[in-house]
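Below is one structure, written out as structure tokens; comments come after it.
The values are calculated or read from the model by the stated rules, or taken from the named source; none is laboratory data. Since this is a predicted model, take the numbers as computed values, not measurements. Neighbour counts are summed over all protein chains in view; Cβ atoms, including those assigned to glycine, are modelled from backbone coordinates with ideal geometry. These accessible areas exclude ligands, DNA and RNA; they are computed on the full protein's heavy atoms, side chains included. Shrake-Rupley method; radii C 1.70, N 1.55, O 1.52, S 1.80 Å.
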Amino acid sequence: MTSLYVYAVLAQRPRKQIAGVGVARERLRVGRYGCLFAVVGAVRAVPTVSPRAVRAHDAVVRRVMVSADAVLPVRFGTVFHGRAALARSLAERESALCEALRLVEAREQMTLRVYGDAADVTPGEREIAGAPAHPVGGAGTRYLARRALANHVPALTRLRPFLGALVVAERAERHGKPPLLASAYHLIPRGASDEYRAALARAEPALAPLRVRVSGPWPAYAFTPGPAA
Amino acid sequence: MRQPRRTRAQELLATDDSLLDVVDHVLNKGVVLTGEVILGVAGVDLIYLRLSALLCAVDALERTSSR
């Protein structure tokens, strides 16, 4: 029995057929599911995780982006047993998917890894994050302060004046495992990655002693809706 | 000599991103649909523990080579 391996959800049918093959060297197809479209491949077995497979998955999503403006990548390994099951799943999440598609339309993602020592987070930056070094108030205030600090990426405060209007949306994760302190994901207009890298290079002196490593442009992997409740 | 500006398609398709970054994006991000997903929770956790350690190692290597 064949199953449908899903690569991406789209707002519109791509302008041309998606070239190449998928993770199992299968032909790629675009199907309509209600008001959404999905790029799928028919696979006989569920693909296993391997360097070749994850790169193949990413390559398909990138090729889709070349001929479609609003693309949401689907997580590796998502397989449905038949078209009806996929249609049901997309219908359940239609509202959140449509909202995310509007956000990512004509945009792409840049990824930053922030490296440094944990001590590089200054008390001043804690306050900027809404978390004073010595939180006062009730348990609720202290909880919110801890949560704000947990999601705060220190380098981003210093980067914002340089990146300015290039960044349409931002997601950040703190890792808390020095030297890898955090990852940040920026949604920027498509075609603006060279401008973004140039702005980042200008910002480097202001970031010291923190270091950042940039990669991209990526499909908007970090700007997809969270898992369904 | 000035480098010719890349087209949008070239920027997207000629990626030299590291396998670690690809793994982080493809396995850890993206739309989660209620289909069959082949990675068990324990497997994912294991991958990310290693991924985090490897990303740290990449930074250490880059600093060593730049000295």
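Is there a residue being at pLDDT below 85, part of a helix (DSSP H, G or I) and open to solvent by less than 70 Å² (accessible area, probe 1.4 Å) anywhere in the stretch A:124-133?
yes
Quick check on my filter: what residues within the stretch A:183-202 are in contact with a strand residue (DSSP E or B) (Cβ under 9 Å, 6 or more places away or on another chain) and either assigned to a loop (DSSP other than H, G, I, E, B) or crowded, with 17+ Cβ neighbours inside 10 Å (or both)?
Result: A:S183, A:A184, A:Y185, A:H186, A:L187, A:I188, A:R190, A:G191, A:A192, A:S193, A:Y196, A:L200.
So A:I18 fits all but one of (1) under 24 Å from A:A100 (Cβ atoms); (2) touching a residue at least 60 places away in the same chain (Cβ under 8 Å); (3) in contact with a strand residue (DSSP E or B) (Cβ under 8 Å, 6 or more places away or on another chain); what number is the exception?
The one condition A:I18 does not meet is (2).
Where the second residue is assigned to a strand (DSSP E or B) and charged (D, E, K, R) and the first is on the phi < 0 side of the Ramachandran plot and surrounded by fewer than 16 Cβ atoms within 10 Å (Cβ to Cβ) and lies in the stretch A:1-14, which pairs have Cβ atoms under 8 Å and are six or more apart or on separate chains?
A:R13/A:R32
Out of all the residues in the stretch A:52-70, is one or more among the small types (G, A, S) and in contact with a helix residue (DSSP H, G or I) (Cβ under 7 Å, 6 or more places away or on another chain)?
Scanning the stretch A:52-70, I find at least one residue that is among the small types (G, A, S) and in contact with a helix residue (DSSP H, G or I) (Cβ under 7 Å, 6 or more places away or on another chain), so the answer is yes.
Looking at the stretch A:161-172, which of its residues are touching a helix residue (DSSP H, G or I) at 6+ places or on another chain (Cβ under 9 Å) and exposed (fewer than 15 other Cβ atoms within 10 Å of the Cβ)?
Once the filter is applied, which keeps residues that are touching a helix residue (DSSP H, G or I) at 6+ places or on another chain (Cβ under 9 Å) and exposed (fewer than 15 other Cβ atoms within 10 Å of the Cβ), the stretch A:161-172 yields A:P161, A:G164.
Residue check: is A:L36 open to solvent by less than 10 Å² (accessible area, probe 1.4 Å), at pLDDT 95 or above and within 9 Å of another protein chain (Cβ to nearest Cβ)?
Judged against the criteria, A:L36 is not a match.
Residues checked against (1) modelled with pLDDT under 95; (2) more than 18 Å from B:L33 (Cβ to Cβ); (3) surrounded by fewer than 17 Cβ atoms within 10 Å (Cβ to Cβ); (4) facing chain B (nearest Cβ under 7 Å):
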site	(1), (2), (3), (4)
A:V40	no, no, no, no
A:A45	yes, yes, yes, no
A:R52	yes, yes, yes, no
A:V64	no, no, no, no
A:V71	no, no, no, no
A:R75	yes, no, no, yes
A:F80	yes, no, no, yes
A:A84	yes, no, yes, no
A:R88	yes, no, yes, no
